[in-house]
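Notes follow once the structure below has been shown.
The values are calculated or read from the model by the stated rules, or taken from the named source; none is laboratory data. In this text the structure is predicted, and so the values were computed from the model without any measurement. Methodologically, a virtual Cβ is constructed for each residue, glycine included, from the backbone with ideal geometry; neighbour enumeration extends over all protein chains shown.
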């Protein structure tokens, strides 16, 4: 197959198939095209949300006056959160790289339900459009924050029902993808690919998919009840009718905490692929990493209450949730230890995907450790609803999932498009991203510890220096992100041919041409060994 | 070699996979209703007396009648599958038709029942319901949410049955390729099972 990659005319799946032009994309059930459709939509939405984030940082540059009216600031953080959470980090790696790589990595020609897969993308786009419409229709954009807490979400005059419905539709997309991936992993593994021969990215997608399938319906019903509440007044979350808003919070977090693991697990999986490739060494603790994904998915589904320590759940519930929260750090740490052990005595080559992967480990560790601080009940009382929380979840979600997404993009971009980007520019973009990131979110951690509450459109003078540092960091970060994506965008058109295996990876996706052909394999490969064997001689 | 790629690979049909996918989808349905069952348990523990009174106002006769209707329809859809497996296409179509009719009867009863309650002013923000204590408002809120959502599933099930009926008629679902019928049957059983839980929780709560 190498020979076909070297033929001048070869362009892989991008050139094959019946239809041409836009319809070739919009009607294609090829998992690779669907993955790229997601990628295009997500990068666009990501930058919309980044722009909104920049607006918020501009607002925080001043203390006494407001650049934007306070109500608009509420809308800004709501929309920033809704887009980033529901349309970028949550579907992020699974929808883009999962779709593209999962079938190839297990030696299949497509996912189990290709048409359903395309349908998921349409649900995703429909949800995104509804969310955008909610900004312009009705009495103004939603101002509840992305959590839609009752009873405010029941009372506010803004266009909450449409935004809530958008999240519901996005949930559908997530569920269908989850069902598809689980079935694919169970049914379509190539001959010889036992469970312990699957690449670890596949393991992480498998664990994620179960959470998607089992947790998403709960937010679905919760959001439907908010809509029913607003249109019919059924009262289940309305204190005036005997309803209990705390129950809303329970139902919301029963989904939305596991959702955090839907976001982070595929990113961890991608990092697990990158590290052995650039350390040229087999992964340390394959089974520990595989099963820790399942453990994270299982334990992560039982810790939702730690978002509600100050809501008045009761002492016993608080202690139980705090304990399980500490437990969930164990499988996460197992992964970090395994990654670093893989590096030990490896022949490490620092190329862009590796640099971003190592950045992931560093930032995610800060995010994880600050998370433990909040898991402690007494400290949580002080930190709850401050910038500390905002800083923490950006370290996890952006420093973790976001950086994992960037690393995965750099790693698989040459395979997906057959083009190589400018590696030097990818290094240069790393510097402003890393520096800006730590100024912005590190600044937030300190501000929050000093008492700065979240979601306020303005701040007291004592927080001003911190806010200016954070804002400047935010602008640097945004500039770095622009450079990062501009580099890839240019490479799409002007990039040099990447070749089949630019990094020396050993999983199946590196054994097909770049970009892969339609239906991936002429002959389904037979798997004869475990993955990540860099020196077949040594393995015997 | 790229000309080789252009040739389509043989169509891939995986019944086990399709069934696995369907079961996963049914899990999501159970968890969708699970959220409502969770709310029901929490509120019932908080307002036991009000739930007792709320249940007394419901039309138990229609509730029980609908239970018989749905249970029987589960039987007829199972018979439809067996008939197709034995190659009796006509009986399959008849059984599916009866299942659809049972579904419509269920909805009809539901319409009558809801109309009665609404005429009495017992609906969210209804004049009579607002006079009742908070716990009963919650009971009726849950009653409408749970039976309403279930009703939507009955509608979806009827549409799915009608589509699969057409498949059988056009011979695209056949005695050797009846996966779509089987999965539709699974969905219909789920609709039935959820109702079996709704009946005691709402109508027999008194």
The lone condition residue A:165 fails out of (1) surrounded by fewer than 23 Cβ atoms within 10 Å (Cβ to Cβ); (2) more than 8 Å from chain B (Cβ to nearest Cβ); (3) under 22 Å from residue B:43 (Cβ atoms) is (3)
Per the filter on region A:369-382, residues surrounded by 20 or more Cβ atoms within 10 Å (Cβ to Cβ) and closer than 19 Å to residue A:438 by Cα are A:370, A:371
- Message: So for region A:299-320 (the condition being under 22 Å from residue A:95 (Cα atoms) and away from chain B (no Cβ under 14 Å)), does at least one residue qualify?
- Response: yes
Residue hits (region A:221-241; within 7 Å of another protein chain (Cβ to nearest Cβ), buried (at least 21 other Cβ atoms within 10 Å of the Cβ) and closer than 19 Å to residue A:156 by Cα) are A:222, A:225, A:228, A:234, A:235, A:236, A:241
Exception for residue B:166 within (1) more than 13 Å from every other protein chain (Cβ to nearest Cβ); (2) part of a helix (DSSP H, G or I); (3) touching a residue at least 40 places away in the same chain (Cβ under 8 Å) falls at (3)
Of the listed residues (A:256, A:204), the one being within 28 Å of the chain's Cα centre (by Cα), surrounded by fewer than 24 Cβ atoms within 10 Å (Cβ to Cβ) and more than 12 Å from every other protein chain (Cβ to nearest Cβ) is A:256
Taking region A:182-201 and the residues there that are facing chain B (nearest Cβ under 9 Å) and either assigned to a helix (DSSP H, G or I) or free of Cβ contacts under 8 Å to residues at least 60 places away in the same chain (or both), the one that is nearest to the chain's Cα centre (by Cα) would be A:182
If you go through B:41, B:82, B:115, B:2, the only one that is within 14 Å of another protein chain (Cβ to nearest Cβ), exposed (fewer than 14 other Cβ atoms within 10 Å of the Cβ) and either at pLDDT below 95 or more than 30 Å from residue A:512 (Cβ to Cβ) (or both) is B:41
Considering region A:101-125, residues that are away from every other protein chain (no Cβ under 13 Å) and not in a helix (DSSP H, G or I), and then whichever is farthest from the chain's Cα centre (by Cα), we arrive at A:107
Reported set for region A:295-330 where residues are in a helix (DSSP H, G or I), in contact (Cβ under 8 Å) with a residue 40 or more places away in the chain and more than 14 Å from residue A:256 (Cβ to Cβ) is A:296, A:297, A:318, A:319, A:322, A:325, A:326, A:329
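Evaluate the following for residue A:213: is it facing chain B (nearest Cβ under 10 Å), over 18 Å from the mean Cα position of the chain (by Cα) and at pLDDT 95 or above? Let's see the steps before the verdict.
Working: facing chain B (nearest Cβ under 10 Å): yes; over 18 Å from the mean Cα position of the chain (by Cα): no; at pLDDT 95 or above: yes.
Spelling it out, it is not the case that residue A:213 is facing chain B (nearest Cβ under 10 Å), over 18 Å from the mean Cα position of the chain (by Cα) and at pLDDT 95 or above.
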